[in-house]
1. Residue under question is ALA57, and the condition is that it be in contact with a helix residue (DSSP H, G or I) (Cβ under 6 Å, 6 or more places away or on another chain) and either closer than 15 Å to TYR163 by Cα or open to solvent by less than 60 Å² (accessible area, probe 1.4 Å) (or both); does it hold?
2. Which of (1) surrounded by 14 or more Cβ atoms within 10 Å (Cβ to Cβ); (2) hydrophobic (A, V, I, L, M, F, W, C); (3) under 30 Å from GLY160 (Cα atoms) does MET69 not meet, given it meets every other one?
3. Pick from THR31, THR43: which is in a helix (DSSP H, G or I) and either under 17 Å from the mean Cα position of the chain (by Cα) or within 30 Å of GLY104 (Cα to Cα) (or both)?
4. Go through the range 100-133 and count every residue that is part of a loop (DSSP other than H, G, I, E, B) and either farther than 17 Å from VAL152 by Cα or not small (Gly, Ala, Ser) (or both).
5. Considering only residues that are surrounded by 24 or more Cβ atoms within 10 Å (Cβ to Cβ) and without any contact (Cβ under 8 Å) to a residue 40 or more places away in the chain, which ones fall in the range 117-172?
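The values are calculated or read from the model by the stated rules, or taken from the named source; none is laboratory data. Since the structure is predicted, the reported quantities are computational estimates derived from the model, not experimental observations. Glycine also receives a Cβ, built like all others from the backbone with ideal geometry; neighbour counts cover every protein chain displayed. In case anyone asks, the SASA skips ligands and DNA or RNA and just uses the protein heavy atoms, side chains included. Shrake-Rupley method; radii C 1.70, N 1.55, O 1.52, S 1.80 Å.
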Amino acid sequence: MHLLALAAATTPGGPFDSGLYKDIADAAGKTPWFVHLTASVVTQLGLFVVLGLFALAWWHARRGPARAMALTLLGVVAIGVSYLVSTGLKDIVQEVRPCRTVAGVTTIDTCPAATDWSFPSNHAVLAAAAAVALILVWRQLGWIAVPLALLVGVSRVFIGVHYPHDVAAGDGAGGSGNWPCAPTRACPLDHRGRPPAPRFSGAGNGFGQP
């Protein structure tokens, strides 16, 4: 419901209207060709890299304790649910892509088909869901995945195929898709696939006893 309210509030004329999108698209169009190429590569391959990191975590978990595999499978479920929710919202909201509705804009990438709805960004949803799951499953990989996921989202606006609010909603939906698993995965695994050692405090006997 929160995402539906956001969609209603961010139609042209709202706080994140077509003017902001046009400013970004116009600025992107003035950048050199190699920036265009980089943005196109990031938007297409960045998501696969983030998902690939999650696949690496799954491969690593096979040799670890059962808890490691359980946490990874919960992450897979969270990613899948986030994608289904995102796809359902697209069909409900049916927001037309800005590259089809905003006049006078030349985009870096070709505008998707007319029935390929804009809100929310599936790329942002999947990248954010995988990145947050990685933080909860294997923290070291999470620190790589999170900035890459954000870069994927930014690239969707930069190449002209999404409004900023599409990406913001996608990041929120993807990241929050992991919250039901958070209590179970409150203790992220270290690089060896094991829970980190507890930290003791206190003085005297060295075992943290009061």
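1. Against the criterion (in contact with a helix residue (DSSP H, G or I) (Cβ under 6 Å, 6 or more places away or on another chain) and either closer than 15 Å to TYR163 by Cα or open to solvent by less than 60 Å² (accessible area, probe 1.4 Å) (or both)), ALA57 qualifies.
2. Condition (3) is where MET69 drops out.
3. THR43
4. Going residue by residue through the range 100-133, those that are part of a loop (DSSP other than H, G, I, E, B) are 102-121.
Keeping just the survivors that are either farther than 17 Å from VAL152 by Cα or not small (Gly, Ala, Ser) (or both) gives 102-117, 119-120.
Residues flagged as part of a loop (DSSP other than H, G, I, E, B) and either farther than 17 Å from VAL152 by Cα or not small (Gly, Ala, Ser) (or both) within the range 100-133 amount to 18.
5. GLY153
Yes/no matrix, rows are residues, columns are (1) open to solvent by 40 Å² or more (accessible area, probe 1.4 Å); (2) touching a residue at least 40 places away in the same chain (Cβ under 8 Å); (3) in contact with a helix residue (DSSP H, G or I) (Cβ under 6 Å, 6 or more places away or on another chain); (4) under 16 Å from GLY174 (Cβ atoms):
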residue: ALA25; (1), (2), (3), (4): no, yes, no, no
residue: PRO32; (1), (2), (3), (4): yes, no, no, no
residue: SER40; (1), (2), (3), (4): no, yes, no, no
residue: LEU47; (1), (2), (3), (4): no, yes, yes, yes
residue: LEU51; (1), (2), (3), (4): yes, yes, yes, yes
residue: VAL81; (1), (2), (3), (4): yes, yes, no, yes
residue: THR87; (1), (2), (3), (4): yes, no, no, yes
residue: ARG97; (1), (2), (3), (4): no, yes, no, no
residue: VAL102; (1), (2), (3), (4): no, yes, yes, no
